[in-house]
Amino acid sequence: MPFIGYFIRALAQILNMVLTIYMWLLVARAVLSWVNPDPYNPIVRFIHNVTEPVLAKLRARLPLYFGGIDFTPMVLILAIIFLTSWIVPSLDHLGASFLRP
């Protein structure tokens, strides 16, 4: 059974990395919204294309515009922090339980 434990712990680490990278992409998108970036820049387009599908679904469910400011990225970052601090340790603990004799 150690194989399952190592697999679950590796899955937890991968999930942690993916959520962290996505959170930093959201931060980059928020910073880019403060300036006027070149919309044809491949990095700007990549950040927009990666973050917009999730943000659009969240905006459809929770319209969070107050005073012309979109708070949807902040809500999504808080959700990512919640998932990182709840699901990742839970998966890591589950994987460690398979490794105990």
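The values are calculated or read from the model by the stated rules, or taken from the named source; none is laboratory data. All values reported here derive from a predicted model rather than from experimental measurement. Don't worry about glycine lacking a Cβ; one is built from the backbone with ideal geometry, like all the others, and counts go over all protein chains shown. Quick note on the areas: whole protein, heavy atoms, side chains included, nothing else; ligands and nucleic acids left out. Shrake-Rupley method; radii C 1.70, N 1.55, O 1.52, S 1.80 Å.
State the percentage of accessible surface on segment 27-76 attributable to carbon and sulfur atoms; use a 1.4 Å probe and exclude ligands, DNA and RNA.
Details: 2550 of 3730 Å².
About 68 percent, which is the carbon plus sulfur part of the accessible surface.
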For the chain, modelled as a GNM with alpha-carbon contacts under 10 angstrom, which of 24, 86, 34 fluctuates the most?
34
What size of dipole, in debye to the nearest 20, comes out for the chain about its Cα centre when the only charges are +1 on Lys and Arg C-beta atoms and -1 on Asp and Glu C-beta atoms?
200 debye
For segment 32-49, just list the computed ³J(HN,Hα) in residue order, Karplus coefficients 6.51, -1.76 and 1.60, θ = phi - 60°, integers in Hz, with x standing in for Gly and Pro.
5, 6, 7, 10, 9, x, 5, x, 9, 5, x, 5, 5, 5, 4, 4, 5, 5
Hey, rough spin-label estimate for residue 18 and residue 59, points 7 angstrom out along Cα→Cβ, what's it come to in nanometres?
2.5 nm
Residue among 46, 58, 25 farthest towards the positive dipole end of the chain, charges placed on Cβ
58
At 1.4 Å probe radius, can you tell me the per residue accessible area of the chain in Å²?
73 Å²
Between the alpha-carbon centers of segment 1-31 and segment 62-101, tell me the distance in whole angstrom.
11 Å
Evaluate E = 1/(1 + (r/R0)^6) for residue 75 and residue 97, where r is the Cβ-Cβ distance and R0 equals 35 Å; express this FRET efficiency to the nearest 0.05.
0.60
In percent, how large is the relative contact order of the chain, given Cα pairs closer than 8 Å and 6 or more residues apart?
56 percent
